[in-house]
1. Give all pairs with beta carbons closer than 8 Å in which a residue from the stretch 387-405 that is at positive phi meets a residue that is open to solvent by 30 Å² or more (accessible area, probe 1.4 Å); count only pairs at least 6 apart in sequence or on separate chains.
2. Would a scan of the stretch 240-261 turn up a residue that is assigned to a loop (DSSP other than H, G, I, E, B), under 28 Å from Phe39 (Cβ atoms) and in contact (Cβ under 8 Å) with a residue 24 or more places away in the chain?
3. Which of the residues that make up the stretch 224-237 are open to solvent by less than 50 Å² (accessible area, probe 1.4 Å) and touching a residue at least 40 places away in the same chain (Cβ under 8 Å)?
4. In the stretch 301-316, how many are in a helix (DSSP H, G or I) and in contact with a strand residue (DSSP E or B) (Cβ under 7 Å, 6 or more places away or on another chain)?
5. Looking at the stretch 143-164, is at least one residue within 16 Å of the ligand (Cβ to nearest atom) and modelled with pLDDT of 95 or more?
6. Test of understanding: among Asp367, Asp338, which residue is in contact with a strand residue (DSSP E or B) (Cβ under 9 Å, 6 or more places away or on another chain) and open to solvent by 20 Å² or more (accessible area, probe 1.4 Å)?
7. If a residue counts only when it is open to solvent by 10 Å² or more (accessible area, probe 1.4 Å) and more than 21 Å from Val249 (Cα to Cα), which helices (runs of 4 or more DSSP H) contained entirely in the stretch 117-205 have at least 1 such residues?
8. Within the stretch 259-267, is there a residue that is assigned by TED's automatic domain parsing to the domain that holds Lys393, at pLDDT 95 or above, surrounded by 14 or more Cβ atoms within 10 Å (Cβ to Cβ) and in contact with a His (Cβ under 7 Å, 6 or more places away or on another chain)?
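The values are calculated or read from the model by the stated rules, or taken from the named source; none is laboratory data. Bear in mind the structure is a predicted one, so any value in this text is a computation, not a measurement. Reconstructed Cβ throughout: ideal geometry from the backbone, glycine too, with neighbour counts over all protein chains shown. Note: accessible area is taken over every heavy atom of the protein model, side chains too, but ligands, DNA and RNA are not part of it. Shrake-Rupley method; radii C 1.70, N 1.55, O 1.52, S 1.80 Å.
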Amino acid sequence: MHCRNCNNKLKDIFLDLGKCPPSNSLIRNNSEKKKERAFELITYICKKCWLVQTKDVVNKKIFFNNHYPYFSSTSSSWVEHAEKYVNKICRKLKINKKKLVVEIASNDGYLLQFFKEKNIPCLGIEPSMNTSRLAKKKGIKSIDEFFSYSLAKKIKNKADLIIGNNVYAHVPNLNDFTKGIKTLLKKNGTITLEFPHLLNLIRFSQFDTIYHEHFSYFSLLTVKNIFKKYKLKVFHVEKLNTHGGSLRVYGCHANDVRSEKSSVKKIIEEEKQFGLNKINTLKKFELNVLKIKKQIEKFISSAKEQGKTVHAYGAAAKGSTILNYLKMTNKDIHYVYDAAKSKMNKMLPGSHIKILPPSEIKKRKPDYIIIFPWNIKSEIIKNFKFVKKWGGKFVTFIPKTKVQN
Ligand SMILES: [Zn+2]
């Protein structure tokens, strides 16, 4: 296996999570249960460019098919984040009706809808037709394909703004994708990419953000390196609270008049100080994950001893990683609740825990509800504060097992 960015031969393991099925492939019935396949979930470190990446296992089509059930609009805090971004970027870059905005992985139009409201021309690129269909209903033009260099060449109008929120990490061919962005970007145009920051993944032991569909784990050091290769430059960067701590990188053509702001140097310094360019820092991560594993096992077994019911909230990738790594089943966590209609009555991959609508919480009155998407913890606790009535409590596992008050 070679590095997705610099082609260096990879030998150093970052984390080995064992065998896991694709995290978003929900199981619909017994025959699918029998056919289910699991694949090694191992991440490597590149000692040359410091990219952390999953081992190649399968064709990406297995991961992003038409059953792919993730609708960005399900999370109200994520939609709010998108709206704030649109208002800010329009002000900052003076985006008006004469400009073209392209979003890669535009999902159900959760973000582009706010450009549309302002009558700003926009185009979405989204291979999952289940989600892009909803964007089109909102009147947002969408191309149902994976973004690539060859697709970028076909798009006639160049983009004034290219947006990629949580897509860069999901790209199997990083070089082709970056070359595509370079090709699609108009002279003086701007790119903004958001991705979870590797620094936070390590600092807060967020190992559950590792799953097959998530190919790369970036530091700014690495992104700067990739951009440079394609004559792009990072001129500004912001820290975001989303997904446990992300970076929003602002890029432009290397020959753009905009010069690098101090924010770039500052975060690079922070990464170097933390040791993101040192193999020992990266290797220590696995020990922290083992500690968390032990805490979770202890929590589940003591809940069982006390005869407590343990359910969970959020039938998404984060939960799948934890459940599969710990080899948990519906004997450990009985049900998982989720608001997405597309997931109803299906089962989580691997653990085969059944997914129920949130309306079932009141009927089943669980003692504990594990929150898998800890990044939207406050939203969930607020929405379901009625669990207090029967003494129900919320629990999070990352960065350590914690019963929420
Ligand atoms: Zn590399």
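1. Listed by first residue and then by second, the contacts come to Gly391/Asp367.
2. yes
3. Listed by number, the residues that qualify are Ile226, Phe227, Tyr230, Leu232.
4. Of all residues in the stretch 301-316, those in a helix (DSSP H, G or I) come to 301-305.
Okay, now just the ones that are also in contact with a strand residue (DSSP E or B) (Cβ under 7 Å, 6 or more places away or on another chain), so 303.
Residues meeting the conditions: 1.
5. For the stretch 143-164, residues within 16 Å of the ligand (Cβ to nearest atom) and modelled with pLDDT of 95 or more: absent.
6. Working: Asp338 fails: open to solvent by 20 Å² or more (accessible area, probe 1.4 Å).
Step by step, each of Asp367, Asp338 is checked, and only Asp367 is in contact with a strand residue (DSSP E or B) (Cβ under 9 Å, 6 or more places away or on another chain) and open to solvent by 20 Å² or more (accessible area, probe 1.4 Å).
7. On the way: elements: 129-137, 149-154, 174-184, 198-203.
Per the criteria, 129-137, 149-154.
8. no
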